[in-house]
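Read-outs throughout are calculated quantities, based only on the coordinates presented, and are distinct from any laboratory measurement. The structure presented is a predicted model; accordingly, all values stated were derived computationally and were not measured. Note that we place each Cβ from the backbone using ideal geometry, even for glycine, and neighbour counts take in every protein chain shown.
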Amino acid sequence: MRFAQLVNGMDIALPHISSPIANSLGPSGLDIEKVEILQGMASALYGMNAMNGLGNLITKNPFLYQGFSIRQNIALTHLSNENSAVKIFTESCFRYAKAIIKFCL
């Protein structure tokens, strides 16, 4: 699949095999400000790996989004599976951003 994945305009594909690594090294959900999706041929602007489209994750600026954030996701799985009991899936995310400005005279 030739779908390019970018984070803040930078390609996150593995350079030796030119394969996208999805969200293995990408930002967490708390760090994402917006997502841009381009369908179809974007190779004229973003190179030959964007034949089927492009996804660009724009992260939050720590100077604009300061402070402490918490996100808790809870879900139930195996609801309609007769061979397995219902299981709980949980995920916790924490984010702390602080801008430190140092003035030198």
Expected sort for TYR46, TYR65 with the fewest Cβ neighbours (10 Å cutoff) up front is TYR65, TYR46
Under 14 Å from the Cα of LYS98 - aspartates and glutamates, other chains or at least 8 residues apart
ASP31
Counting only residues 5 or more places away or on other chains, whose amide H sits under 5 Å from the amide H of THR59 once H atoms are built in the peptide plane?
ASN8, GLU33
